[in-house]
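All of the numbers you see were taken from the coordinates with simple rules; none came from a lab. None of these values were measured; they are calculated from a predicted model. Quick reminder, even Gly has a Cβ in these numbers, built from the backbone with ideal geometry, and neighbours come from all protein chains shown.
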């Protein structure tokens, strides 16, 4: 049963990772078109629709055949190039597909709740959040932005999950309180930084994604742990780049990917980490 579930999650992760790649590219192209406002804007936006548009090469816009759309396999067989214009298709595509599949499997193997009742429902919700996090990570790394069109649906989804927990799975006032405190800590921290720096230190997207994080991890201590883990990861990545002069103190380094990865860590291991720290301090 475990092996079969892992196989299903790998296939599902690869497919949804491919969807995440397509969504990132299409969303950015749509925003670029809206800025340029061409005469045939409506038609071009329709072609770029994630629901109605056909899959196409990001370079030559040639419509892709089924054989071009097999996650990872198509990219490898074509040696990372478009079949039609032969321009390179970046490593981002197989990396995201494999990354989402890996996170699906690891989430299943290390899920902190029993996979029944609310625990199973939360796991299904979590898989959707993982795909959303993949989209946000790629978008932020490429264009230094956490787009509202992705962040706000995740906020709504997180609110729905909390509401379902309270209304149908035995949640109570404490559930709402811990979720609210998580939001106050995660989003409130970024709001203070954003207002204090007038948007120079962080962007408004970090404030909004803090709402999602606070609702997901539930409670002030897990939210603080997310901030701590993200800060450590950001430091570990930034210091070597500074030392090698690949960036300087004025360079923009997106914080969203560190924050989202930290959320994954805390979602899967937060309770264990907090319990270990509590035992270490208080015996």
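The calculated Kirkwood hydrodynamic radius for segment 1-109 is 15.1 Å, given to one decimal from all distinct C-alpha pairs.
In the chain, the longest principal axis of the Cα atoms and the axis of helix 204-217 are about 50 degrees apart. Under the criterion of Cα pairs below 8 Å and six or more residues apart, the relative contact order for segment 114-283 equals 23 percent. Using the alpha carbons alone, the radius of gyration of segment 1-65 stands to its Kirkwood radius in an Rg to Rh ratio of 1.16.
What do you get for the angle between helix 148-168 and the principal long axis of the chain? Use alpha-carbon atoms, 0 to 90 degrees, nearest ten. Its long axis makes an angle of about 40 degrees. Centroid-to-centroid, using Cα positions, segment 203-242 and segment 1-75 are 28 Å apart. In the chain, the DSSP-assigned H stretches of four residues or longer account for a calculated mean residue ellipticity at 222 nm of -24500 deg cm²/dmol, using -39500 (n - 2.57) per stretch and the full residue count as denominator.
Send over the Kirkwood Rh of segment 27-170, from the inverse of the averaged 1/r over different Cα pairs, rounded to one decimal Å.
Numbers: mean 1/r = 0.0560 Å⁻¹.
Hydrodynamic radius (Kirkwood, Cα pairs) of segment 27-170 is 17.9 Å.
Each residue of the chain gets 181 Å³ once the volume of the Cα convex hull is shared out per residue. Between 0 and 90 degrees, the angle of helix 2-36 with respect to the longest Cα principal axis of the chain falls at about 70 degrees. Computing FRET efficiency as 1/(1 + (r/R0)^6) for residue 280 and residue 43, where r is the C-beta to C-beta distance and R0 is 35 Å, gives about 0.05.
Mind ranking 152-161, 216-225 by how tightly packed they are, going by the mean number of other C-beta atoms within 10 angstrom, highest first? Walk me through the numbers on the way to the answer.
Details: 152-161: 16.2, 216-225: 22.2.
Those peptides, ordered most packed to least, come out 216-225, 152-161.
Each listed q (0.12, 0.17, 0.18, 0.22 Å⁻¹) maps to a log10 I(q)/I(0) for segment 105-218 from the Debye sum over equal C-alpha point scatterers, namely -0.47, -0.88, -0.96, -1.25.
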